[in-house]
1. Can you tell me the relative contact order of the chain? Whole percent, Cα pairs under 8 Å, sequence separation 6 or more.
2. Looking only at Cα atoms, what is the convex hull volume of the chain per residue, in Å³?
3. Compute the relative contact order of the range 15-189 as a whole-number percentage, counting only Cα pairs closer than 8 Å that sit 6 or more residues apart in sequence.
4. Given the Cα atoms of the range 155-220, and with Rh set as the inverse mean 1/r over their pairs in the Kirkwood sense, what is Rg to Rh to two decimals?
5. Give the angle, between 0 and 90 degrees and rounded to the nearest 10, that separates the Cα long axis of helix 198-214 from the longest principal axis of the Cα atoms of the chain.
6. At a Förster radius of 25 Å, what calculated FRET efficiency corresponds to the Cβ-Cβ distance of residue 186 and residue 233, to the nearest 0.05?
7. Residue by residue through the range 266-276, which ³J(HN,Hα) values in whole Hz follow from phi under the Karplus form 6.51 cos²θ - 1.76 cosθ + 1.60 (θ = phi - 60°), with glycine and proline marked x?
8. As an exercise, use a Förster radius of 25 Å and the Cβ-Cβ distance of residue 262 and residue 48 to find the FRET efficiency, rounded to the nearest 0.05.
Amino acid sequence: MSADGAGESDPRRSVRERVFVVGAGIMGSGIAAEAARHGYAVTLEDVTEELARKGLDRARRALEQAKLPEGERQEALRNIEVAIGLRRVDTAGIVVEAAPERLDLKRELFREIEEEAAPEALLATNTSSLPVTSIAAGLKAPERVVGTHFFNPVLRMSLVEVIPGLTTRPEVVARARAFGERLGKTVVQSRDTPGFVTSRALAVLLNEAAWMLYEGTATKEDIDASYRLGFAHPMGPFELADLVGLDTALAILDILWEGFKDPRYRACPILRSMVEAGKLGRKSGEGFYIYPPRPAAPGGAGA
Ligand SMILES: NC(=O)c1ccc[n+]([C@@H]2O[C@H](COP(=O)([O-])OP(=O)(O)OC[C@H]3O[C@@H](n4cnc5c(N)ncnc54)[C@H](O)[C@@H]3O)[C@@H](O)[C@H]2O)c1
């Protein structure tokens, strides 16, 4: 299944030029679009065809918003195929896991990926907060796994945080850095502690805003305006939480709490109750704000 039938069996592509993205959600679709735009043949995978096609639709919209020349955009789209399950993971030189932020799920996925992937493949996780060492624990070759933490929206954000696990081989780290650079990103490196640099900073920012809302310090609109206009942030904390996904933001806080046992990371109850009510932000249509449904792309499933 490819965007238009071209990506799947293009004989010109060596394994090294193929990227397999596990999980076609917010981040997987963005990473797929960015890799495709930089010339990789990409497989974007999810657990059902509907979810994979939604991811492809999201990648298509991201490429449209990037305002590339028409030919480049079409070429990038042709580079993406969708898949269900890990059956084709052995065709890729780079595997990027972007499934939900749950340790059990990521461990299970990497057990399968390790079995199926090409022996020379780079195995990367886009986790935003889980220790890479924990994700790789129990694998036959944990030294193959590295963190490549991309930012949302991937096509607009120019950072990749690379996180070596305790046993990651130096050449794996070098390849992860080279992958980020090939995608036009600035690469920074962090030690493998919960939340690394960026998610630790983000979690505190979002959580503090939620506690202020909880305590009635100000309205969400005024808190957002305070961060935007007072600190020149491009968006307020609630707008950002809706973009990230409240489930992901809460998962990051819980992982920081678990990892550090520090009250700084005690998640505000507003976040937990909103996640329990399915108010996850943009991806579910409602979070702190409401987002009208987008029209489905022709032939696509919409999002
Ligand atoms: N949302 C952000 O801003 C952001 C930023 C940086 C990193 N991250 C990290 O990226 C990862 C993905 O986050 P997201 O926001 O894209 O989540 P998401 O919920 O938008 O997408 C996750 C996708 O994974 C799929 N999935 C679930 N189980 C799977 C399985 N077994 N195999 C394959 N796919 C499966 C889901 O169906 C879904 O489409 C998480 O680790 C998150 O912490 C998120």
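What follows draws every value from the coordinates through simple rules; no lab data is involved. The shown structure was predicted, so the numbers you read here are calculated from the model rather than taken from an experiment. Cβ atoms come from the backbone with ideal geometry, glycine included; neighbour counts cover every protein chain shown.
1. 15
2. 129
3. 21 percent.
4. 1.18
5. So the inclination is approximately 30 degrees.
6. FRET efficiency, residue 186 to residue 233: 0.85.
7. Along the range 266-276, the couplings run 6, 5, 5, x, 4, 5, 5, 5, 5, 5, 4 Hz.
8. Once rounded, the FRET efficiency stands at 0.05.
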